[in-house]
Amino acid sequence: LQLDNILLLAGQFEEALTHADAADKAPPDNPDILVARAVAHYRLDQPDQALADANQALVLRPGDPQAQLLLVSQKMAEGDAEAALAMVDEYLAQDPTDLPLNLMKLQILSARGADEAFGAHLEGLVEIHPENTSLHQLLASWYARNDRPEDVERELRKIQELQPDDLATPQNLLRFLIQTRGVQ
């Protein structure tokens, strides 16, 4: 199973599927193996088997975030953003802190053109994960697109606070301040 996960990360989906199938024969109905197989099938564009494995994993281990993410991803791939949003909201009701599911919700909101809902969800996500600089950067970008310079500055300062040794961070803040306030 560990080798299978490494193969999945390396993008070797056919070999990962072979190992997951072999592992599945040892312990019956192992949700970890089912999720690994589901991901491999999904990446190999075999959605029927991927969905079957993901759903079986959820039967064995309700709330498995990887299986949930795969099911939501498939709804998006089918072009059903409304169903995907309903699914992700249902899953987030069970675990509102799950970062991949929250990022998927942002992706769905973006695809639907729901800019205000995107921003509101992103602000809430930053509150849940205040130490995640990538989220602060994304929020700063959203504020910049929505002409909210004070909020951009606040986020850039927060990023600087979180990454005091990163030289690019104060440079980004300084560049922003020069662009918005000029040289004083």
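The values are calculated or read from the model by the stated rules, or taken from the named source; none is laboratory data. It should be emphasised that the depicted structure is a prediction, and the values quoted were computed from it without experimental measurement. A quick note on method: Cβ atoms are made from the backbone with ideal geometry, for glycine too, and the neighbour counts reach across all protein chains shown. Ligands, DNA and RNA are excluded from the accessible area calculation, which covers all protein heavy atoms including side chains. Shrake-Rupley method; radii C 1.70, N 1.55, O 1.52, S 1.80 Å.
Miscellaneous remarks
- Overall dimensions of the chain by Cα: Rg and Dmax, Å: 20.2, 70
- Given charges at beta-carbon only (K, R positive; D, E negative), |dipole| of the chain in Debye: 540 debye
- Per residue, the accessible area of the range 84-154 comes to 51 Å² when a 1.4 Å probe rolls over the protein heavy atoms.
- Other residues whose C-beta falls under 15 angstrom from the C-beta of residue 113 contribute a net charge of 0, scoring Lys and Arg +1 and Asp and Glu -1.
- Solvent-accessible surface (1.4 angstrom probe) belonging to residue 43, in square angstrom, nearest 10: 150 Å²
- Helix-derived mean residue ellipticity, 222 nm - over the chain, DSSP H n ≥ 4, -39500 (n - 2.57), to 500: -24500 deg cm²/dmol
- Residues in the range 50-68 reached by a label modelled at residue 44 [backbone nitrogen below 19 Å; 7 Å Cα→Cβ]: 50-57, 67
- Where labels lie 7 Å past Cα in the beta-carbon direction, separation of residue 161 and residue 29 in nm: 4.9 nm
- Share of carbon and sulfur in the accessible heavy-atom surface of the range 12-149 [1.4 Å probe, %]: 50 percent
- Extent of the range 121-184 along its three principal axes (Cα atoms, max minus min coordinate, largest first): 36, 29, 12 Å.
- Relative contact order for the chain, counting Cα pairs under 8 Å that sit 6 or more residues apart, in percent: 10 percent
- A simple count of charges around residue 61, restricted to other residues whose Cβ falls under 11 Å of its Cβ and scoring Lys, Arg +1 and Asp, Glu -1, yields -3.
- Residue 97 - accessible surface, heavy atoms, 1.4 Å probe, Å² rounded to 10: 70 Å²
- Label-zone membership for the range 46-86, site residue 128, 7 angstrom Cα→C-beta point, backbone N under 18 Å: 63-73, 84-86
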